[in-house]
Amino acid sequence: MSITAASGQLDSAAAQASQPGGAAGFGRLMAAEWTKLRSVRSTVWTLLLFVIITIGLTALLSWLTVSNWTGPRAAPRDARVAADPIGFIFGAGIGLGQLTICVLGVLLITTEYSTGVIRASLLAVPKRYPMLAAKIAVFGLLMLVLSELVAFGSFFVGSAILHSRVVVSLSGPGVLRATLGAGFYLTVLGILALAVGAIVRHTAAGISIVIGIVLVLPILAGLLPSNWGAHINAYLPQQAGSLVYAVHQSSGQLLTAWEGFGVFCIWAVLLLAVATYLLNRRDA
Amino acid sequence: MIEVTDLSKRFGDKVAVDHLSFTVEPGRVTGFLGPNGAGKSTTMRLILGLDHPSGGSATINSRKYAELASPLRTVGALLEAKSVHNGRSARNHLLFLAQTQGIPASRVDEMLDMVGLRDVARKRAGGFSLGMGQRLGVASALLGDPQVLLLDEPVNGLDPEGVLWIRNLMKYLASQGKTVLVSSHLMNEMAVTADHLVVIGRGKLIVSAATEDVIARGSGQTVRVRTPEPGRLTDLIVTEGGKAIPAENGNGGAEAPGGQAPVLTVTGLAAPRIGELAASASIVLHELTPQLATLEDAFLELTSGSLEFGHASAQPAGQSIEENVR
Ligand SMILES: Nc1ncnc2c1ncn2[C@@H]1O[C@H](COP(=O)(O)OP(=O)(O)OP(=O)(O)O)[C@@H](O)[C@H]1O
Ligand SMILES: [Mg+2]
């Protein structure tokens, strides 16, 4: 085996790519995170599943609704769809599709711990937080593109199928904002899930907590006494975040769409801060 | 150069590394030895900034690992625990590491060739054998052509050819002026590979010295004597200031099965003197063989007081060494 071939050949390369200064260094870390992300098959499949489930389910439910329109029992449901077609289009598809994002965000970091790759990652980036930052940047950008694709895809597929019964257009009041907002919501949800994964470092626990935040917490908060319970409810991550993809304001709504989204972002940032602090402090 | 200064690490109540200080000089292979649980892997993780010390510090070329500008170009590490994603190919694993340091992708392929993984470079690492995984680990350690290498049991799982390859590789790298710290449990392997040894037990330093000096610290030469009259010979040896103990094959005092005379292991007297004593008392000798001290002897003696996980049926130091004597 040629050992001599091993050394000494990197010198020229080392000279070219001297110190990883600021932006260039972060670009390298992002390239590395992109390689990590695309080189695991399950990640790629989960992303595909997200797109297919969300758009597919929107299409299926819209079609079922339209083909059973004004059936004997369907009148109240038809009225609801007619009153809030955006709520209907985004309700089911995103409601389920968001779960794949919860899982993916958690897995992206917990698999580093379960497989031990985290040690290789941190040997390469011993300051640690830039690695997490690059991961979030790469995943966030990818999620933004895919989520907007899914949001607009759902909107066009859903509205086209509903067209014979209800007409919605992007130019309707709040519709464009809600569609863009659906993509933003899913993106931030992915980052929030990643932060939770980084905090707990175990796949099952991470997924349970994120799903709990998205599905269970709103139900629990709904059981609180109505007066102040409503205030807590409004500021919970999922409750606040989902306002940005709703067109209809409910009567007692405490936050506007963008305020709600802001609260959701603050939750994500807080969790990221905790994750960063723990990443730097704990033994790998 | 690696400098470890008063380094300590506690896990709860457990003290894994206890005020440990030593230096690893460039230009030679330094073996890092100690019984199971002595704290070798923990020390390496502390040097690499993966674990945070409870006290003291470790530096590489006078800087903490976390402060290195381009860590993989300065330090290459092979850890004890696996650090590859089963679902990722060997090439993509090395590629992402290379990208973090701005190392060109051509270097990745070069390393895959060098460790002999070219044909499986695009296969999932989950399907790799123990030895293939170890080769991938070596490739990632050498990826940045680092000045300093820390290898935690690198020959673990390698076939004889692989062991020889690692040995030559470490010697070559040291001859190039690199700093090489390598832990191992294979004493014979260390004796021929390492120029210097750092031996620890229960997290504390036992000795840091040249390999020959460590071997010499063992009780030194022993002589194997086979005689039909072990009792009389033992008395003679003891009066001369030596020590004779029945060899551990169980037939020290009695007539051995198959007509073989019993064996004594003698320390403190040289073979010629034992021969003279036997001749003067007309004791018949069937065998008189000087035994060279081995690193394994010295290691067992040095660490006998600091075994983390001793065996229930404690065996006397020096058992089964005959096979290792050259
Ligand atoms: N993360 C941890 N949490 C708790 N205890 C630990 C941890 N890592 C190591 N230890 C303990 O610290 C001690 C030293 O372990 P270490 O793995 O460093 O030993 P070692 O010298 O590498 O042993 P071996 O030869 O078996 O590889 C052991 O008693 C081990 O149980
Ligand atoms: Mg170990």
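The values are calculated or read from the model by the stated rules, or taken from the named source; none is laboratory data. If you're wondering where the values come from, they're calculated on a predicted model, not measured in any experiment. Glycine gets a Cβ as well: all are built from the backbone with ideal geometry, and neighbour counts include every protein chain shown. Heavy atoms of the whole protein, side chains included, go into the accessibility calculation; ligands, DNA and RNA do not. Shrake-Rupley method; radii C 1.70, N 1.55, O 1.52, S 1.80 Å.
Taking every protein chain into account, the 1.4 Å probe leaves B:Lys14 with about 90 Å² of accessible area, to the nearest ten.
A Gaussian network model of chain A, with springs between Cα atoms under 10 Å, assigns the largest mean-square fluctuation among A:Arg28, A:Arg201, A:Arg177 to A:Arg28. In a simple Cβ point-charge model (Lys, Arg +1; Asp, Glu -1; nothing else charged), chain B has a dipole of about 1280 debye relative to its Cα centre. When restricted to Cα atoms, the stretch A:184-238 yields an Rg and a Dmax of 12.7, 37 Å, respectively.
Using the Cβ-Cβ distance between B:Asp6 and B:Thr289 with R0 set to 45 Å, the FRET efficiency works out to roughly 0.50. Spatially, the stretch A:179-240 and the stretch B:15-64 are offset by 43 Å when compared through their Cα centroids. For the set A:Leu272, B:Leu7, the ranking by accessible area, highest first and with no ligand, DNA or RNA atoms included, is A:Leu272, B:Leu7 under a 1.4 Å probe.
With the largest listed first and rounded to whole Å, the semi-axes of the equivalent ellipsoid of the stretch B:125-185 from the Cα gyration tensor are 20, 13, 10. Listed cross-link partners A:Lys135/B:Lys178; A:Lys36/B:Lys40; A:Lys127/B:Lys171; B:Lys40/B:Lys82 are compared with a 27 Å cut-off, the Cα-Cα value being larger for A:Lys135/B:Lys178; A:Lys36/B:Lys40; A:Lys127/B:Lys171.
With the convex hull of its Cα atoms as the shape, the stretch A:156-202 has an orientation-averaged projected area of 4.5 nm². Other residues within the sphere of radius under 13 Å centred on the Cβ of B:Trp165, judged by their own Cβ, net out at 0 (K and R +1, D and E -1). Among beta bridges from DSSP that stay inside the protein assembly as shown, the antiparallel ones total about 65%. Projecting the Cα atoms of B:Ala125, A:Ile266, A:Tyr277 onto the charge dipole of the protein assembly as shown, computed from C-beta unit charges around the Cα centre, puts A:Ile266 farthest toward the positive end. Compared with the dominant Cα axis of chain A, that is its longest principal axis, helix A:175-200 is turned about 40°. Dipole orientation for the protein assembly as shown: of the candidates A:Gln238, B:Ser184, B:Ser89, A:Gln238 has the Cα lying most toward the positive pole (charges on Cβ; Lys, Arg +1; Asp, Glu -1).
What is the helix-to-structure angle for A:41-67, meaning the angle in degrees between its Cα long axis and the longest Cα principal axis of chain A, kept from 0 to 90 and rounded to the nearest 10? The answer is roughly 10 degrees. Take every DSSP beta bridge whose two residues both sit in the stretch B:2-210; close to 55 percent of them are antiparallel. Relative to the current alpha-carbon distance between A:Phe156 and A:Arg41, full extension at 0.36 nm per residue lengthens the span by 38.5 nm.
If only the Cβ of Lys and Arg carry +1 and only the Cβ of Asp and Glu carry -1, the dipole of the protein assembly as shown around its Cα centre is close to 2400 debye. Kirkwood-type hydrodynamic radius, the protein assembly as shown: 28.8 Å, calculated from all non-identical alpha-carbon pairs. Helical runs assigned H by DSSP (4 residues or longer) give the protein assembly as shown a calculated mean residue ellipticity at 222 nm of -16500 deg cm²/dmol, each run adding -39500 (n - 2.57) before division by the residue total. Per-residue surface analysis assigns A:Tyr245 an accessible area of about 30 Å², computed on protein heavy atoms at 1.4 Å probe radius. Would you work out if the stretch A:140-271 is rounded, prolate or oblate? Take a ≥ b ≥ c from the square roots of the eigenvalues of the alpha-carbon gyration tensor; rounded if a/c is under 1.5, else prolate when a/b is larger than b/c, oblate otherwise. Oblate is the answer for the stretch A:140-271, as a/c is 1.5 or above yet b/c matches or exceeds a/b. Taking a ≥ b ≥ c as the square roots of the eigenvalues of the Cα gyration tensor, an a/c ratio of 1.5 or more together with a/b no larger than b/c marks the stretch B:60-186 as oblate. When A:Trp228, A:Trp267 are compared by accessible area of protein heavy atoms, the largest-first order is A:Trp228, A:Trp267, using a 1.4 Å probe. If you plug the beta carbon distance of B:His52 and B:Ser304 into 1/(1 + (r/R0)^6) with R0 = 22 Å, you get a FRET efficiency near 0.10. Partner shielding of B:83-96 amounts to 6, given as the average count of beta-carbon atoms from other chains within 10 Å of each residue beta-carbon. Working from label points 7 Å from Cα in the Cα-to-Cβ sense, the A:Tyr277 to B:Glu161 distance is 5.5 nm.
Interface between chains B and A: roughly 3800 Å² of accessible area buried, both sides summed (probe 1.4 Å, protein heavy atoms only).
Residue ranking by accessible heavy-atom surface, 1.4 Å probe, largest first, among A:Cys265, A:Cys102 comes out as A:Cys265, A:Cys102. Across peptide B:49-55, the mean count of Cβ atoms from other chains lying within 10 Å of each residue's own Cβ comes to 3.
Projecting the Cα positions of A:Val196, A:Leu142, A:Pro85 onto the charge dipole of the stretch A:40-281 (unit charges on Cβ atoms of Lys, Arg, Asp and Glu, taken about the Cα centre) puts A:Val196 furthest along the positive direction. Given a 1.4 Å probe and the protein chains as shown, A:Thr256 ends up with an accessible area of around 60 Å². Remark: the stretch B:56-103 carries a charge dipole of roughly 100 debye about the Cα centre, counting +1 on each Lys and Arg Cβ and -1 on each Asp and Glu Cβ.
Between helix A:85-115 and chain A there is an angle of about 20 degrees, using the helix long axis and the longest principal axis of the Cα atoms. Rounded to two decimals, the Cα-based Rg/Rh of chain B, with Kirkwood Rh, is 1.09.
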